[in-house]
Amino acid sequence: MSTCCVRANVTGKVQGVWFRRSTQAQALQRGLTGYAKNLPDGRVEVVLCGESAAVSTLTEWLWQGPEGARVTHVTIDVLEDYRAPDHFATY
């Protein structure tokens, strides 16, 4: 089982639509750790750590998000030598 960590920046109508909490629920269902936080410029930053296939599946979900979200762009960066958190938090 290979593991990885990625950072995603999600652009669009992603604040005020339960994006962070929905991402947390999706991550917990897949056994992932990390965080989701609102950025001052209106984007949401998401860090996902765990089994590579689960991380990949959730990064695809970020393009959809919860009902009410309108995602226009997602950038993904692989985090090398990143210390994975032991839980999933929202900020």
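The values are calculated or read from the model by the stated rules, or taken from the named source; none is laboratory data. Everything numeric in this text was worked out from a predicted model, so none of it was measured. Please note: Cβ atoms are built from the backbone with ideal geometry, for glycine as well, and neighbour counts cover all protein chains shown. Note: areas computed on protein heavy atoms with side chains; ligands, DNA, RNA excluded. Shrake-Rupley method; radii C 1.70, N 1.55, O 1.52, S 1.80 Å.
Given GLU51, GLU60, GLU67, GLU45, which one is of a type in the set (Asp, Glu) and open to solvent by less than 50 Å² (accessible area, probe 1.4 Å)?
On the way: GLU51 fails: open to solvent by less than 50 Å² (accessible area, probe 1.4 Å); GLU60 fails: open to solvent by less than 50 Å² (accessible area, probe 1.4 Å); GLU67 fails: open to solvent by less than 50 Å² (accessible area, probe 1.4 Å).
Within the list GLU51, GLU60, GLU67, GLU45, the selection yields GLU45.
Here are some conditions: (1) open to solvent by 60 Å² or more (accessible area, probe 1.4 Å); (2) modelled with pLDDT of 95 or more. THR23 meets all but one. Which one does it not meet? Result: THR23 fails condition (1) only. In this entry, THR33 passes the filter for residues that are touching a Pro at 6+ places or on another chain (Cβ under 7 Å), closer than 17 Å to TYR91 by Cα and of a type in the set (Val, Ile, Thr).
Of the residues that sit in segment 1-20 and are part of a strand (DSSP E or B) and of a type in the set (Val, Ile, Thr), which one is surrounded by the fewest Cβ atoms within 10 Å (Cβ to Cβ)? Walk me through it before giving the result.
Filtering segment 1-20 for residues part of a strand (DSSP E or B) gives 3-13.
Within this subset, residues satisfying the condition of being of a type in the set (Val, Ile, Thr) are 3, 6, 10-11.
On the way: THR3: 12, VAL6: 20, VAL10: 26, THR11: 16.
Among residues in segment 1-20 that are part of a strand (DSSP E or B) and of a type in the set (Val, Ile, Thr), the one surrounded by the fewest Cβ atoms within 10 Å (Cβ to Cβ) is THR3.
Within segment 29-42, being open to solvent by 20 Å² or more (accessible area, probe 1.4 Å) and within 18 Å of MET1 (Cα to Cα) holds for GLN29, ARG30, GLY31, THR33.
Scanning segment 48-66 for residues that are touching a residue at least 24 places away in the same chain (Cβ under 8 Å) and not in a helix (DSSP H, G or I) yields LEU48, CYS49, GLY50, GLU51, GLY65, PRO66.
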